[in-house]
Amino acid sequence: MAWKISGTYLATCSCNLICPCPVDGPPTSADGQCHGHLVFHIADGNLDDTDLSGVNVGLVNLFPSNLTAGGWKLGIVVDEGASDEQAQALERIFKGEDGGPFEQFAALTEEWLGMDRGPVSFSDGDRPSASIGESNFTFEPLEGPPGSGTQATVKNAMFGFAPEFRIGRAPGKMAELGIEADSIYGETADYEFASEMSEGAPTGRG
């Protein structure tokens, strides 16, 4: 089955600044594990004839060590406003059943936490905000060089949901699908994924 999704994402996790997961480093949270919540706003997308445009989906993760060590726990929360058909399509995509970068995740995932339904929101802008159920977080960018008026970014990381993404703080609480922690780190960017990705395209991360 062919699919594609594109839009903007906002991620937060329990790692101290700056999260080392994109470069396959060990998590820096207090318990040595990376607890994460991400919201993907799908501006445009589909799986075959199922239109996914306008849907928000939350990805919940627990990484017990550096990413390539495996042992991941992953699950999703699909916005309650989406149809059952859209929710089922998104579970297929994020579970890695239909190719693309999430298929690579499946080989590293020890436990699929399932697909839940609930309120998932996303608000774009210079300081985007998102929520999954009762978990809320707002991006606070790290500034670039003094006087430049720019923001700090990470580019060409081993694991990234975009070729370049803004980094900062996203304080809040995470408590979905049994993954509970204080959120500290944040990142955001536009993304584009498909069942058939071009060579060298970002592999993604949670």
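Bear in mind these aren't lab numbers, they're just calculated from the coordinates by the rules spelled out. Just so it is clear, the model here is predicted, and its values are computed rather than measured. Positions of Cβ are backbone-derived with ideal geometry, glycine not excepted, and every protein chain shown enters the neighbour counts.
A few points about this structure:
- Under the Debye formula (equal points on every Cα, no solvent term), log10 I(q)/I(0) of the range 26-106 at q = 0.10, 0.12, 0.20, 0.21 Å⁻¹: -0.28, -0.39, -0.90, -0.96
- Taking the range 57-73 and a reference point 7 angstrom along Cα→Cβ of ASP124, the backbone N atoms nearer than 15 Å belong to 57.
- Size estimate for the chain follows the Kirkwood approach: the inverse of mean 1/r over distinct Cα pairs works out to 16.7 Å.
- Note on LYS73: lysines with a C-alpha under 17 Å away, same-chain residues under 8 apart excluded, are LYS95.
- Rounded to 10°, Cα long-axis angle of helix 84-94 versus longest principal axis of the chain: 50 degrees
- About its Cα centre, the dipole of the range 9-163 is roughly 620 debye, where the only charges are +1 on Lys and Arg Cβ and -1 on Asp and Glu Cβ.
- Rounded, prolate or oblate (a/c below 1.5 giving rounded, otherwise prolate when a/b exceeds b/c) for the range 67-167 by Cα gyration tensor: oblate
- Spin-label model, LEU142 to ALA2: label points 7 Å out along the Cα-to-beta-carbon direction sit 4.0 nm apart.
- Listed residue (ALA157, GLY58, GLY71) projecting farthest to the positive dipole end of the chain, Cβ model: ALA157
- Charge dipole (the range 1-150, unit charges on Cβ, about Cα centre) - positive-most of SER83, THR138, SER121: THR138
- Spin-label model, SER53 to GLU134: label points 7 Å out along the Cα-to-beta-carbon direction sit 3.6 nm apart.
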